[in-house]
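Chemist: Quick one: this structure, given as structure tokens, is what I'll be asking you about.
The values are calculated or read from the model by the stated rules, or taken from the named source; none is laboratory data. Only a predicted model underlies this, so the values are computations on that prediction, with no experimental measurement involved. For neighbour counting, all protein chains shown are included, and Cβ atoms are generated from backbone atoms with ideal geometry for every residue, glycine included.
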Amino acid sequence: MTTPLRLFLVDDEMPALRRLEDVLHDCASECPIEILGTATNGVSALAQLAEADADAAIIDIQMPQMSGIELARELQSLSQPPAVIFATAFEEYGVAAFEVRAVDYLLKPIRRERLLDALNRVAEMRAAQAQAEPASHARSHFSVTERGRLHLIPVAEARYLKAEQKYITLRTREREYLLEDSLTRLEEEFGSRFVRIHRNCLVARDSLVGFEKMPSNGGETHWVAVLKDVPERLAVSRRQQHVIKEFKKNG
């Protein structure tokens, strides 16, 4: 059985989105699809696509806040960007679409045959990529929204992830960000990159410099982790002190 193409749709006009969904369903008998989600502007689409595992995004071009061309350019920063198919009523953006590596450029009203050609092209690209490299399901970026502005933080820049009440503190070399996520889920997704040192804290393996003993208030000492480029010391729980032994063994 053919794995459905995972699609994400972006258009600022709801009737256009509904029409696109109808044409896609007409194509499904020849090219199975799964619609992961929709967005009515580029900013929202970028945030969702940073989290989604989409094979392709079908994107309108003239949209408020962020144009389809700008969105496609931003998507290229992802480690596994979706293929881009533009769907627009305007012919004059063809050169710009080529510059952002669009798979196809469809003019509205979209015909089933043209859309099916574009989907088959994406399916062929996906099959070629699957043969060339192993699949990776971990994100390359964390998406953080602050005061209406979207930040894409490369996972490689994270020094630690610490659970605090309802949020996760994401620490980079420069500053802290707040994530709405679960530490357990993050550990499952990024277990090869991070190691748990406490029930509320994961640290990046490549940022770990070593461990130190520090005095506690009661006069006893406890272990803390020392991280590269981060001044604070992070407590290591007794349950996780095997990490210290493994670090010394591998170091």
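Chemist: Of (1) buried (at least 18 other Cβ atoms within 10 Å of the Cβ); (2) not in a loop (DSSP other than H, G, I, E, B), residue 31 satisfies all except one. Which?
Modeler: (2)
Chemist: Another question about this same structure. Does residue 116 satisfy being at pLDDT 90 or above, assigned to a helix (DSSP H, G or I) and either surrounded by 15 or more Cβ atoms within 10 Å (Cβ to Cβ) or more than 15 Å from the chain's Cα centre (by Cα) (or both)?
Modeler: In short, yes.
Chemist: Continuing with the same structure: Tell me yes or no: at least one residue of the stretch 81-98 is buried (at least 17 other Cβ atoms within 10 Å of the Cβ), among the hydrophobic types (A, V, I, L, M, F, W, C), within 27 Å of residue 146 (Cβ to Cβ) and modelled with pLDDT under 95.
Modeler: No, the conditions are met nowhere in the stretch 81-98.
Chemist: Okay, moving on. Considering every residue within the stretch 72-80, establish whether at least one is under 21 Å from the mean Cα position of the chain (by Cα), acidic (Asp, Glu), crowded, with 16+ Cβ neighbours inside 10 Å and part of a helix (DSSP H, G or I).
Modeler: yes
Chemist: Would you check which residues across the stretch 51-68 are surrounded by fewer than 20 Cβ atoms within 10 Å (Cβ to Cβ) and assigned to a helix (DSSP H, G or I) and list them?
Modeler: Within the stretch 51-68, the subset surrounded by fewer than 20 Cβ atoms within 10 Å (Cβ to Cβ) is 51-53, 62, 64-67.
Hit for the stretch 51-68 is 51, nothing else.
Chemist: Report, by residue number, each residue of the stretch 81-109 that is over 20 Å from the mean Cα position of the chain (by Cα) and in a loop (DSSP other than H, G, I, E, B).
Modeler: Those that are over 20 Å from the mean Cα position of the chain (by Cα) and in a loop (DSSP other than H, G, I, E, B): 89, 90, 91, 92, 93, 103, 108, 109.
Chemist: Another one. As an exercise: evaluate residue 122 against (1) surrounded by 14 or more Cβ atoms within 10 Å (Cβ to Cβ); (2) more than 21 Å from the chain's Cα centre (by Cα) and give the number of the one condition it does not meet.
Modeler: Result: residue 122 passes all but (2).
Chemist: Looking at the stretch 124-226, what strands (runs of 3 or more DSSP E) fall wholly within it and have at least 2 residues that are more than 22 Å from residue 81 (Cβ to Cβ)?
Modeler: Fully inside the stretch 124-226 and qualifying: 160-164, 167-171, 176-179, 194-198, 201-204, 208-215.
Chemist: Something else about it: Could you check residue 160 against (1) hydroxyl-bearing (Ser, Thr, Tyr); (2) touching a Ser or Thr at 6+ places or on another chain (Cβ under 9 Å); (3) surrounded by 12 or more Cβ atoms within 10 Å (Cβ to Cβ); (4) modelled with pLDDT under 95 and say which number it fails?
Modeler: Tallying (1) hydroxyl-bearing (Ser, Thr, Tyr); (2) touching a Ser or Thr at 6+ places or on another chain (Cβ under 9 Å); (3) surrounded by 12 or more Cβ atoms within 10 Å (Cβ to Cβ); (4) modelled with pLDDT under 95, residue 160 fails exactly one: (4).
Chemist: Quick one: residue 110 ticks every box in (1) touching a His at 6+ places or on another chain (Cβ under 6 Å); (2) in contact (Cβ under 8 Å) with a residue 60 or more places away in the chain bar one, so which box is it?
Modeler: That leaves (1) as the condition not met.
Chemist: Among the residues of the stretch 227-248, how many are assigned to a loop (DSSP other than H, G, I, E, B) and more than 14 Å from residue 162 (Cα to Cα)? Break it down stepwise before answering.
Modeler: Here is the first cut: in the stretch 227-248, the residues assigned to a loop (DSSP other than H, G, I, E, B) are 228-233, 236-237, 241.
Then keep just the ones that are more than 14 Å from residue 162 (Cα to Cα); that gives 228-229, 231, 241.
Going through the stretch 227-248 one residue at a time, the tally reaches 4.
Chemist: While we're looking at this one, here's another question. Being surrounded by 15 or more Cβ atoms within 10 Å (Cβ to Cβ) and over 18 Å from residue 246 (Cα atoms) is the filter here, so list the residues in the stretch 190-217 that pass it.
Modeler: 190, 200, listed by residue number.
Chemist: If you go through the stretch 134-145 one residue at a time, do you hit one that is touching a residue at least 40 places away in the same chain (Cβ under 8 Å), farther than 24 Å from residue 190 by Cβ and surrounded by 19 or more Cβ atoms within 10 Å (Cβ to Cβ)?
Modeler: Checking the stretch 134-145: not a single residue is touching a residue at least 40 places away in the same chain (Cβ under 8 Å), farther than 24 Å from residue 190 by Cβ and surrounded by 19 or more Cβ atoms within 10 Å (Cβ to Cβ).
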